[in-house]
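Asker: Mind looking over this structure? Questions follow.
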Amino acid sequence: MEFGIEFVPNEPAAKVAYMAKLAEDSGFSTVWVTDHYNNRDAYSTLAVISLITNKIKLGTGVTNPYTRNVAVTASSIASINEISGGRAILGIGPGDKATFDAMGIDWDKPLSRVKDSVIAIRAFLGKQKVNQAGFKGASLAFSAGKIPIYIGAQGPKMLELAGAMADGVLINASHPDDFKYAVPVIRQGAENAGRKASDVKVCAYASFSADKDKAKAVNAAKMVVAFIVIGSPANVLERHGINPEATAKISSSIAKGDFGSAITGVTPEMVDAFSISGTPDDAKARIEELTKTGVDQIVVGSPIGPDKERSIKLIGKSILK
Ligand code: F42
């Protein structure tokens, strides 16, 4: 099992890069930086991380084809690949509807948009002239090297698309049941496209919270879990037996800005379904289950733990080594 780690650039790049260096020293293989217009810029953050690390791979986790023109995305990730000595990975997904609404962006045909964008970006990275996806002979003026492309996916069609064309898939989920559903869909997509299942790395982009004190770890995860619960489609909540009334209560608390009540509304079942939370031994048990479902990489995502720095060291010492 490989281990990646997610950082949200909601702090200055130097701080995120400090944590990324700690993650590298603790044994993580990949750092994924999220992309939302209202946080620090993902590529600037990755550039700073590139300069203070030596071997950890560096990915956008994930960007999208709506807020950035994909010719610019190709140039940005190629630059990160150059700065880092070939360590870049492009993570791209359809994006986050809530932020698009606020930006006045239409979420038009996300599936085809991701597919066309990946084809165009591969062509840009191969220094070809691009004449699809609305481009009229655009091309990059420099060579980027080989950069893997991972697709962020949850829905069945996006998972199938990832199986058909991506080097990997980043799935926002933490529970084996979600992967028992997703992995066969990805593999079918790969098979239909004449590829091998092993051509597509499956990554569990999981909400993760580790501490020696289980209660502290679980409490730190609750706010993240609350947001996942209210953002999850009905079929996913049903898969985990989550009561719709409990979900509606959390949703209404968050809408009112009453985060205390939202946290109180998060049940142990919700924590179990939507995060990997607890002591390192609890996490190891869950990781073993995920391995059996076909997951290749666990991405340790927010909150990481009640004290991020301490938790990275703890995960490194007790889970990764
Ligand atoms: N989003 C961000 O904006 N920033 C991030 O940093 C970020 C990180 C991240 C990490 C891991 C991860 O898994 C997701 C992440 N996301 C992030 C969210 C990501 O961008 C997507 O929102 C998320 O993966 C959800 O995608 P989805 O697979 O559920 O796809 C949506 C669009 C969906 O509805 N898919 C359907 C499906 O079955 O897969 C298909 C919908 C469809 O077929 N649409 C048709 C089409 O052509 O697109 C059009 C249908 C019509 O009627 O028009």
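Asker: Report, by residue number, each residue of the stretch 182-208 that is crowded, with 16+ Cβ neighbours inside 10 Å, assigned to a helix (DSSP H, G or I) and among the charged types (D, E, K, R).
Answerer: 187, the sole residue that qualifies.
Asker: Can you tell me which residues in the stretch 160-174 are closer than 16 Å to residue 118 by Cβ and outside any loop (DSSP other than H, G, I, E, B)?
Answerer: Matches in the stretch 160-174: 160, 161, 162, 163, 164, 165, 168, 169, 170.
Asker: For residue 134, indicate whether it is at pLDDT below 95, more than 12 Å from the ligand (Cβ to nearest atom) and either assigned to a helix (DSSP H, G or I) or of a type in the set (Gly, Ala, Ser) (or both).
Answerer: yes
Asker: Pull up the stretch 101-121, narrow it to residues that are of a type outside the set (Gly, Ala, Ser), part of a loop (DSSP other than H, G, I, E, B) and more than 10 Å from the ligand (Cβ to nearest atom), then point me to the one that is surrounded by the most Cβ atoms within 10 Å (Cβ to Cβ).
Answerer: Among residues in the stretch 101-121 that are of a type outside the set (Gly, Ala, Ser), part of a loop (DSSP other than H, G, I, E, B) and more than 10 Å from the ligand (Cβ to nearest atom), the one surrounded by the most Cβ atoms within 10 Å (Cβ to Cβ) is 105.
Asker: Would you call residue 139 over 19 Å from residue 297 (Cβ atoms) and away from the ligand (no atom under 15 Å from the Cβ)?
Answerer: yes
Asker: So, in the stretch 293-311, of the ones that are in contact with a Leu (Cβ under 8 Å, 6 or more places away or on another chain) and either closer than 11 Å to residue 277 by Cβ or part of a strand (DSSP E or B) (or both), which residue ends up farthest from the ligand (Cβ to nearest atom)?
Answerer: Ranking the candidates gives 305 first.
Asker: Only residues that are within 11 Å of the ligand (Cβ to nearest atom), assigned to a loop (DSSP other than H, G, I, E, B) and hydroxyl-bearing (Ser, Thr, Tyr): list them for the stretch 79-100, please.
Answerer: Answer for the stretch 79-100, where residues must be within 11 Å of the ligand (Cβ to nearest atom), assigned to a loop (DSSP other than H, G, I, E, B) and hydroxyl-bearing (Ser, Thr, Tyr): there is none.
Asker: For residue 277, indicate whether it is buried (at least 21 other Cβ atoms within 10 Å of the Cβ), away from the ligand (no atom under 16 Å from the Cβ), at pLDDT 95 or above and hydroxyl-bearing (Ser, Thr, Tyr).
Answerer: Judged against the criteria, residue 277 is a match.
Asker: Within the stretch 40-57, can you find the residues that are of a type outside the set (S, T, N, Q) and within 14 Å of the ligand (Cβ to nearest atom)?
Answerer: If the condition is that a residue be of a type outside the set (S, T, N, Q) and within 14 Å of the ligand (Cβ to nearest atom), then 40, 41, 42, 43, 46 are the ones that fit.
Asker: Checking residue 172 against (1) of a type in the set (S, T, N, Q); (2) surrounded by fewer than 20 Cβ atoms within 10 Å (Cβ to Cβ); (3) within 10 Å of the ligand (Cβ to nearest atom), which single condition isn't satisfied?
Answerer: (2)
Asker: Got a number for residues in the stretch 57-78 being in a loop (DSSP other than H, G, I, E, B) and surrounded by fewer than 24 Cβ atoms within 10 Å (Cβ to Cβ)?
Answerer: 5
Asker: Quick one: residue 157 ticks every box in (1) in a loop (DSSP other than H, G, I, E, B); (2) surrounded by fewer than 24 Cβ atoms within 10 Å (Cβ to Cβ) bar one, so which box is it?
Answerer: (1)
The values are calculated or read from the model by the stated rules, or taken from the named source; none is laboratory data. This one's a predicted model, so the numbers in the text were calculated from it and none came from an experiment. In this analysis, Cβ positions are derived from the backbone assuming ideal geometry, glycine residues included, and neighbour counts consider all displayed protein chains.
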